[in-house]
Each structure stands twice: as structure tokens, then as C-alpha cells.
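The structure appears below as C-alpha cells.
The values are calculated or read from the model by the stated rules, or taken from the named source; none is laboratory data. Everything quoted here is computed from the prediction, not taken from an experiment. Heads up: the accessible areas ignore ligands, DNA and RNA and are worked out on the full protein's heavy atoms, side chains in. Shrake-Rupley method; radii C 1.70, N 1.55, O 1.52, S 1.80 Å.
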Amino acid sequence: MKTDYQKDLNPAQYEAVTSIHGPVLVIAGAGSGKTRTIVYRLAYLVEQNVSPQNILLLTFTRKAAGEMLKRAESLLERRLGSVHSGTFHGFAFAMLR
């Protein structure tokens with residue numbers, strides 16, 4: 001299922017979602033749609049044939065990372081089990097080890 005990203009997002013969110021050249025850092029205030037932007041970006045990357053195993057999704061809690069994956073899976077109507085997801089702290093710890 002193709003999502004109408006331009007209809008569902010404001011212009012700044014759409015730009016963050018559809019930029020495929022390098023990483024994107026999303027910084028915004030509470031209630032501004034950061035999570036929605038990240039979920040849509042994840043779905044967009046997969047729709048652009050980026051392998052889920054090449055995607056790293058980091059957030060502050062495992063619960064939030066899991067919720068974002070579920071929402072992206074719902075948008076795409078498929079599983080994304082090979083996306084690397086977790087917390088910033090967990091990722092940093094793993095790299096240090």
C-alpha cells in the first residue's frame with residue numbers, strides 16, 4: 001500500500017521523510033509530530049527499496065522504538081523485523097563493548 005505522504009504530513013515533515021541522501025536529524029517541540037515523521041520516514045525508506053536490515057532506528061526507550069516499528073508495519077502492511085532498533089544508550093553501549 002502506497003501512503004500519500006504529502007497529504008498526511010506538513011511541508012517540514014514531508015521534507016524530512018522524503019530526503020534519502022544521508023541521515024536526517026528530527027528536532028522539534030512536544031506534540032509537533034516527530035514520532036509520526038520518523039514512522040513515515042521508516043516506511044518511505046522501505047518503499048524506496050532500502051533494505052530494512054540497513055535501517056537503524058534509535059529513540060530514548062525500547063517501548064517507543066517498538067511502537068514506531070509497529071506503526072510503520074501497519075502503514076506498509078508487512079513486517080519489518082530486520083530493522084535495527086533500540087535506545088541511544090543501548091546502541092552506544094553495544095558499540096563500546
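Summed over qualifying helices (DSSP H, 4 residues or more, each -39500 (n - 2.57)) and divided by its residue number, the chain shows a 222 nm mean residue ellipticity of -15000 deg cm²/dmol. Heavy-atom accessible area, probed at 1.4 angstrom with all protein chains present, ranks Y44, Y5 as Y44, Y5, highest first.
Distances between placed amide hydrogens fall under 5 Å for L57 paired with H84, S85, G86, all partners being 5 or more residues away or on another chain. Among R78, R41, R71, the sequence by solvent-accessible area, most first, with a 1.4 Å probe is R78, R71, R41.
Tell me the carbon and sulfur percent of the accessible area for the chain, rounded to whole percent, probe radius 1.4 Å. Roughly 55 percent of what the probe reaches on the chain is carbon or sulfur.
Extent along the principal axes, Cα only, for the chain: 43, 30, 26 Å, with the longest axis given first.
Taking all protein chains together, R79, R97, R36 sort by accessible area into R97, R79, R36, largest first [probe 1.4 Å]. For the chain, the relative contact order is 28 percent, taking Cα pairs closer than 8 Å that sit 6 or more residues apart in sequence and dividing their mean separation by the residue count.
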